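Student: Let me give you the structure first, and then I'll get to my questions.
The values are calculated or read from the model by the stated rules, or taken from the named source; none is laboratory data. Bear in mind the structure is a predicted one, so any value in this text is a computation, not a measurement. FYI the Cβ positions are ideal-geometry reconstructions off the backbone, even for glycines, and counts take in every protein chain you see. For the accessible areas, the whole protein counts, side chains as well, though only heavy atoms, and no ligand, DNA or RNA atoms are used. Shrake-Rupley method; radii C 1.70, N 1.55, O 1.52, S 1.80 Å.
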Amino acid sequence: MAASVGASVGDVQRAPAPGSWRMCARRPAAAVRPHVSGYAGYRTEASPRSVHQGVASPHLTFVLCLDGKVEMVANPDRSKPPGAFVAMVAGLHQAPAEIAHGDPQTGLQLRLTWRGTRALFGVPAGELAGDVVDLDALLGRRTEPLLARLAAAPGWAERFALLDTEFAALAARGPGDKGVLPEVGYAWDRLEETGGNLRISELAREVGWSRRYLGEKFRVETGLSPKTAARVIRFERACDQLRGPRRPSLAAVAADAGYVDQAHLSRDFRDLAGTTATTWLAERQAH
């Protein structure tokens, strides 16, 4: 959420000031990247209580708190109950979540792929769609020892290395791609290759399925329809560009990401981030 987790739950921000996020990021080991594409260690200081938006993303958000908790005020799927979590995984979603901020917190935020959900935890990402799940429900008794080892590690580099080892072991014991239809994997990869700018009718023709059948199988595995997956892939790429050091204009990002125009990108901010692009940028530029 993948909140956007970037665009994900707890949206990690680089900042040293009280009330803001301090962040250390690293790519996982190559063997882990098909399952987890990014690690970020963070520390947020105490600040006045507020509610932030968890932004839609093509990555599931995986958070491990070393102190404090993630307090979900509202899940993307409003039928799912809110809660507070020390360790959690948030499924893919197409509407913003609401997360309480204010208490100090230290933790790790990971970008989990839909393939990683099945490979590491043995369940399709579709089962977690729109929801936030306690890690105990996926890892069981391994959760508490993992958190203890992460907390005892002397720094972020050691914590990231520990995660590399843990995830490699989980993947070795897990089902891998068993159960994933090749056509679904191909469809997702094509959407990523094109930055979310591929017509779904054309994608269905490439796969050799009807558009309806592709939609059904794709949603069961990932939790999103192909059209929504394309939308969040395009949106995350736009957000990543806007967070970059060059800080390009909204119009330039919209054109580069394949939006019809800046207004099209602005509508996605309202729908997928629960805020305007201007407000979203101002919050980050303030730090």
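Student: Hey, what's segment 53-134 come to in accessible area per residue, 1.4 Å probe, Å²?
Tutor: Dividing the accessible area of segment 53-134 by its residue count gives 29 Å².
Student: With r defined as the distance between the Cβ atoms of Val260 and Glu206 and R0 fixed at 22 Å, what FRET efficiency is calculated, to the nearest 0.05?
Tutor: 0.40
Student: Give me the one-decimal nm value for the distance between modelled label points at Thr165 and Arg78, 7 Å along each residue's Cα-to-Cβ direction.
Tutor: Taking the two extended label points, one gets 4.6 nm.
Student: Here is a follow-up. If you place +1 on the Cβ of every Lys and Arg, -1 on the Cβ of every Asp and Glu, and leave all else neutral, what size is the dipole of the chain about its Cα centre, to the nearest 20 Debye?
Tutor: 320
Student: Hey, another quick one. Take Lys227, project a point 7 Å from its Cα along the Cβ direction, then tell me which residues of segment 68-111 have their backbone nitrogen under 17 Å from it.
Tutor: It comes to 93-95, nothing else.
Student: Calculate one ³J(HN,Hα) per residue across segment 35-44 by plugging θ = phi - 60° into the Karplus curve 6.51 cos²θ - 1.76 cosθ + 1.60, and present them in order as whole Hz with x for glycine and proline.
Tutor: So the J values, rounded to whole Hz, are 9, 9, 8, x, 10, 9, x, 9, 9, 10.
Student: What is the set of long-range amide H partners of Val73 at a cut-off below 5 Å, with H atoms built 1.01 Å from backbone N?
Tutor: Amide H neighbours of Val73: Glu98, Ile99, Ala100.
Student: Label Asp67 and Arg142 with points 7 Å out from Cα along Cα→Cβ: what is the distance between them in nm?
Tutor: Each label point is offset 7 Å from its Cα along the Cβ direction, giving 2.8 nm.
Student: Right, something else. Size of the dipole of segment 170-280 about the Cα centre, Lys and Arg at +1 and Asp and Glu at -1 on the beta carbon, nothing else charged, in debye to 20?
Tutor: Value, rounded to 20: 200 debye.
Student: In terms of Cα to Cα distance under 17 Å, which aspartates and glutamates are near enough to Lys227, apart from those fewer than 8 places away along the same chain?
Tutor: Lys227 reaches Glu183, Asp189, Glu192, Glu193, Glu202, Glu206, Glu216, Glu236, Asp268, Asp271.
Student: Where does the chain land at 222 nm, in deg cm²/dmol rounded to the nearest 500, when only DSSP H runs of n ≥ 4 count, each adding -39500 (n - 2.57), divided by all residues?
Tutor: -12000 deg cm²/dmol
Student: Can you give the charge dipole size of segment 55-170 about its Cα centre, rounded to the nearest 20 debye, using +1 on the beta carbon of Lys and Arg and -1 on the beta carbon of Asp and Glu?
Tutor: Here the size comes out at about 280 debye.
Student: Points 7 angstrom from Cα along the Cβ direction at Ala31 and Glu127: gap in nanometres?
Tutor: For the pair Ala31/Glu127, the computed spacing is 2.5 nm.
Student: With r as the distance between the Cβ atoms of Val220 and Arg270 and R0 = 22 Å, compute the FRET efficiency 1/(1 + (r/R0)^6) and round to 0.05.
Tutor: The pair Arg270/Val220 has a calculated efficiency of 0.20.
Student: Would you be so kind as to identify which of Leu272, Phe121, Ala204 lies farthest towards the positive end of the dipole of the chain, taking Lys and Arg as +1 and Asp and Glu as -1 on Cβ and the Cα centre as origin?
Tutor: Value: Ala204.
Student: Then there's this: Roughly how large, in nm² to one decimal, is the mean projection of the convex hull of the alpha-carbon atoms in the chain?
Tutor: Value for the chain: 14.1 nm².
Student: Take the solvent-accessible surface of the protein heavy atoms, probe 1.4 Å, and return the percent of it on the chain that carbon and sulfur atoms account for. Before the final figure, lay out the partial values.
Tutor: Working: 6400 of 12430 Å².
The nonpolar share, carbon plus sulfur, comes to 51 percent.
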